[in-house]
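The values are calculated or read from the model by the stated rules, or taken from the named source; none is laboratory data. Nothing here was measured: the structure is a model prediction, and the numbers come from that model. All Cβ positions, glycine included, derive from the backbone under ideal geometry; neighbour counts span all protein chains shown.
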Amino acid sequence: MAARIDRKLLATGVLLLLLAGVAWRVLSLGMAEQFARTQPVRALSWRSDHPVALVLQAERLAASGRDAASASRLARQALQANPLDGRGFRVLGRLAADRGDLVRAARFHALAVTRSPRDLPSHAWLFEHELRSGKVAKALVHADLMLRVQPELKARLFPILIGLAGDESARPALARLLAKAPPWREKFLQAMLAEPGDSRQLVVVLDASAGSGLSRTELAAWLERLTADQAWDQAYVVWASQLPPGTPALANLYNGGFESEVTGLGFDWRFEHVPGASIEVLAGPGVSGQQALSVGFDHQRVPFRHVRQLLLLSPGRYLLEGHQRAEDLRTPRGLSWSVACAGSTVPLVATAPLKGNSDWTEFAVEWVVPDGGCPSQWLELALLARVDSEQMVSGRAWYDDMRIVRLR
């Protein structure tokens, strides 16, 4: 009987010891987890092999520069505790760089991003290292990943990439990357095109991007930059190359019948919002085709000049013609089309004003584009008003079948 009791007591004691060991393991792990990210030394006092605490303490020691040996030891222990976490290699890479051993530092950082592909500090180090080594294409791989993982880094990286766009030797590598349409490309192109300088340096970059199809925002930014730089011919080529299949044939006046979607880009129609007026493309009685331009007014003062198209007419004599209709269009002076050289407020020609009521009628006017100083022009529909009181307008105007013909 006593022997059986002793065996039971022994078994109970062993079980209690096992339970105590499990409890201690659970407690120590919980305490280490609690302190690992804020007090790594305290976490390591609970669990000397906690991988997160080992990495953070190694990073702190490496950053302080006081105990490189301990930092290296802790980093290697972290890699043993969790081989899939590459941050230990990052610490080893930093220590190698501090010793001036850039070859070994690059190797360690490359291992870090292999184990932890989203490790931004390692990508940042490799980006700068490859740039300093003249390996632009390799550097851009790291810039691309950093911008994908953390788009907010554009404030630091975009100025560097814009500098590469202005470097003839680096530009092709940047162009190849942008041709793949990374998700940050649109914002980068906008930032690049907003920078002052010679836009001709950006042609390689933008042409490569256009090969994968520019977004509406990218195309708008590119065209606005070209027109701001008065690179009219290049702007026209870029705009025409991005037109979708099935668009109207190119002519002196684009989409004069208003049958295609109005994009507001390049040398297409531009409809700008203004209170008191509505600019639409609608079906209506007597229109040629499916629809026509319709401009309605709400009986209030409107400084209207908000329908325009950029033209690229060479010097010579031209005829502007089309059809128009007025629906109770009440205005002191009426609506009129005018053509002026880009950058000038003095029109080369203006049509007779439209007002009142009228069925569809033809209008036509001739003018001359001068030999010099007028490489591009604006066609504009505006309300003829010399003073504020003449801006009071109500009713509706219709326009259709517009075209510009060069006269011999």
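Summed over the stretch 83-103, the residues that are outside any helix (DSSP H, G or I) and either surrounded by 18 or more Cβ atoms within 10 Å (Cβ to Cβ) or at pLDDT 85 or above (or both) give a count of 5. Restricting 362, 380 to those that are at pLDDT 95 or above and either farther than 26 Å from residue 313 by Cα or over 42 Å from the mean Cα position of the chain (by Cα) (or both) reduces the list to 362. Residue 243 meets the stated requirement of being out of contact with any Lys or Arg (no Cβ under 8 Å at 6 or more places or on another chain), modelled with pLDDT under 95, crowded, with 17+ Cβ neighbours inside 10 Å and assigned to a loop (DSSP other than H, G, I, E, B).
Taken over the stretch 276-296, the criterion of being over 14 Å from residue 326 (Cβ atoms) and assigned to a loop (DSSP other than H, G, I, E, B) is satisfied by 276, 283, 287, 288, 289, 290, 291. Of all residues in the stretch 319-353, which are at pLDDT 95 or above and either under 16 Å from residue 401 (Cα atoms) or polar (S, T, N, Q) (or both)? The answer is 319, 320, 321, 322, 323, 324, 325, 326, 336, 337, 338, 351.
Each row is one residue, and each column tells you yes or no for (1) of a type in the set (D, E, K, R); (2) modelled with pLDDT under 95; (3) assigned to a helix (DSSP H, G or I).
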{"residue": "130", "(1), (2), (3)": "yes, no, yes"}
{"residue": "147", "(1), (2), (3)": "no, no, yes"}
{"residue": "157", "(1), (2), (3)": "no, no, yes"}
{"residue": "189", "(1), (2), (3)": "no, yes, yes"}
{"residue": "206", "(1), (2), (3)": "no, yes, yes"}
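Scanning the stretch 375-398 for residues that are within 16 Å of residue 339 (Cα to Cα) and either touching a His at 6+ places or on another chain (Cβ under 9 Å) or in contact (Cβ under 8 Å) with a residue 60 or more places away in the chain (or both) returns 375, 376, 377, 378, 379, 380, 381, 382, 383.
Please work out if residue 161 is buried (at least 18 other Cβ atoms within 10 Å of the Cβ) and either part of a helix (DSSP H, G or I) or without any contact (Cβ under 8 Å) to a residue 60 or more places away in the chain (or both). Against the criterion (buried (at least 18 other Cβ atoms within 10 Å of the Cβ) and either part of a helix (DSSP H, G or I) or without any contact (Cβ under 8 Å) to a residue 60 or more places away in the chain (or both)), residue 161 qualifies.
Residues in the stretch 351-379 that are closer than 21 Å to residue 292 by Cβ, of a type in the set (A, V, I, L, M) and assigned to a strand (DSSP E or B): 354, 364, 365, 379.
Restricting the first member to the stretch 266-278 and to residues that are in contact (Cβ under 8 Å) with a residue 12 or more places away in the chain and aliphatic (A, V, I, L, M), and the second to residues that are in a loop (DSSP other than H, G, I, E, B) and buried (at least 19 other Cβ atoms within 10 Å of the Cβ), the beta-carbon pairs closer than 9 Å and six or more apart or on different chains are 274/302; 274/304; 277/302; 277/304. Can you tell me which of 330, 301 is farther than 23 Å from residue 236 by Cβ, touching a helix residue (DSSP H, G or I) at 6+ places or on another chain (Cβ under 9 Å) and of a type in the set (Lys, Arg)? Being farther than 23 Å from residue 236 by Cβ, touching a helix residue (DSSP H, G or I) at 6+ places or on another chain (Cβ under 9 Å) and of a type in the set (Lys, Arg) holds for just one of 330, 301, which is 301.
Taken over the stretch 69-96, the criterion of being more than 37 Å from the chain's Cα centre (by Cα), farther than 17 Å from residue 125 by Cβ and among the aliphatic types (A, V, I, L, M) is satisfied by 69, 74, 78, 79, 81. Comparison of 287, 274, 369, 349 shows that the only residue that is under 38 Å from the mean Cα position of the chain (by Cα) and farther than 24 Å from residue 221 by Cα is 369. Considering the stretch 352-374, the residues that are of a type in the set (D, E, K, R) and surrounded by fewer than 18 Cβ atoms within 10 Å (Cβ to Cβ) include one that is nearest to residue 339 (Cα to Cα), namely 366. Quick check on residue 124: is it among the hydrophobic types (A, V, I, L, M, F, W, C), surrounded by 17 or more Cβ atoms within 10 Å (Cβ to Cβ) and either over 22 Å from residue 224 (Cα atoms) or over 16 Å from the mean Cα position of the chain (by Cα) (or both)? When the stated conditions are applied, residue 124 passes them.
The single condition among (1) surrounded by fewer than 19 Cβ atoms within 10 Å (Cβ to Cβ); (2) β-branched (Val, Ile, Thr); (3) touching a residue at least 60 places away in the same chain (Cβ under 8 Å) that residue 331 does not satisfy is (1).
Can residue 69 be described as closer than 22 Å to residue 110 by Cα and either modelled with pLDDT of 75 or more or assigned to a helix (DSSP H, G or I) (or both)? Taking the combined requirement at face value, the residue satisfies it. When the residues of the stretch 297-339 are filtered to those that are basic (Lys, Arg) and not in a loop (DSSP other than H, G, I, E, B), the one that is farthest from residue 281 (Cα to Cα) is 317.
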